[in-house]
Amino acid sequence: MNSLEERIAQFSKMAQDDGDNELGHYRLGQLLQEANRHDEAIRSFRRTLELSPQFSKVFLLLGKSQVALGRKDEAIATFMVGHEVATTRGDRIPASEIGKELEALGVQPPAPAAAPEPDGPETGFRCARSMCHAGKRARQLEKPPMPDEVGAEILRRVCADCWGSWFKDQSIKVINELRLDLSSEASAMEYDRHMREYLGLSG
């Protein structure tokens with residue numbers, strides 16, 4: 001398995017080669033945070049939010065790095081915005097975790113904001129991906145994209161737009177930038193990890 005510094009180098013290259021690659025910036029931020037390189041992690045998380053301002057978990061991670069650097073006021077401001085984004089989107093786990101971070105800083109989490117009315121009719125399908133822009137208009141796939149348990153999970157939990165974004169664009173970037181050979185078990189596992197991260201699936 002690659003070392004932490006090697007993985008940081010991989011994702012640094014991915015983020016540099018494609019400045020609009022939200023997954024690249026997000027994963028780079030996570031790895032930098034793991035390495036206690038919080039100033040750099042903050043830059044990566046801020047870029048992720050520029051690309052995907054509704055990605056509620058990034059507010060949580062950004063705020064944690066600000067706390068680690070003693071920037072309490074900045075962290076509180078980040079957590080407050082993130083809590084509003086998470087509650088508006090219905091992202092319960094990030095909202096709960098951000099609320100705990102605020103309480104640890106001596107701040108009461110704000111009351112949940114009212115969710116805006118969708119522009120079109122609701123579909124009743126809720127996409128698992130935090131960065132999904134379809135909201136209540138998300139469309140379910142017509143059939144599993146793969147004939148296995150993972151495909152069935154994607155059918156149940158991921159909207160057609162987010163799956164299309166992964167399959168047609170992001171997966172190719174991951175394969176090319178990380179030079180994955182999908183005939184290798186290690187590369188296949190790395191690909192699967194990135195796919196699940198991108199689609200908001202657990203495991």
What's the number of the condition Gln140 fails, among (1) out of contact with any Lys or Arg (no Cβ under 9 Å at 6 or more places or on another chain); (2) of a type in the set (S, T, N, Q); (3) at pLDDT 90 or above; (4) surrounded by 13 or more Cβ atoms within 10 Å (Cβ to Cβ)? (1)
If Gly29 passes every condition in (1) farther than 30 Å from Leu180 by Cα; (2) modelled with pLDDT of 90 or more; (3) not polar (S, T, N, Q) but one, which one does it miss? (1)
Contact list please: Cβ distance under 9 Å, first residue in the range 156-183 and farther than 23 Å from Ala15 by Cβ, second residue of a type in the set (Phe, Trp, Tyr) and modelled with pLDDT of 85 or more, pairs at least six apart or on different chains. Val158/Trp166; Cys159/Phe125
Gly29 fails exactly one of (1) without any contact (Cβ under 8 Å) to a residue 60 or more places away in the chain; (2) more than 30 Å from Lys136 (Cβ to Cβ), namely (2)
A careful count of residues in the range 159-182 that are among the aliphatic types (A, V, I, L, M), closer than 19 Å to Gln16 by Cβ and in a helix (DSSP H, G or I) gives 4
Would you point out which residue out of Ala134, Ala104 is in contact with a strand residue (DSSP E or B) (Cβ under 7 Å, 6 or more places away or on another chain), of a type outside the set (S, T, N, Q) and either exposed (fewer than 12 other Cβ atoms within 10 Å of the Cβ) or at pLDDT below 95 (or both)? Ala134
Any idea which of Ala35, Ala41 is at negative phi, touching a Gly at 6+ places or on another chain (Cβ under 8 Å) and not polar (S, T, N, Q)? Ala41
Quick one: in the range 9-21, of everything that is within 17 Å of the chain's Cα centre (by Cα) and of a type in the set (A, V, I, L, M, F, W, C), which residue is modelled with the lowest pLDDT? Met14
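The values are calculated or read from the model by the stated rules, or taken from the named source; none is laboratory data. Everything quoted here is computed from the prediction, not taken from an experiment. Cβ atoms come from the backbone with ideal geometry, glycine included; neighbour counts cover every protein chain shown.
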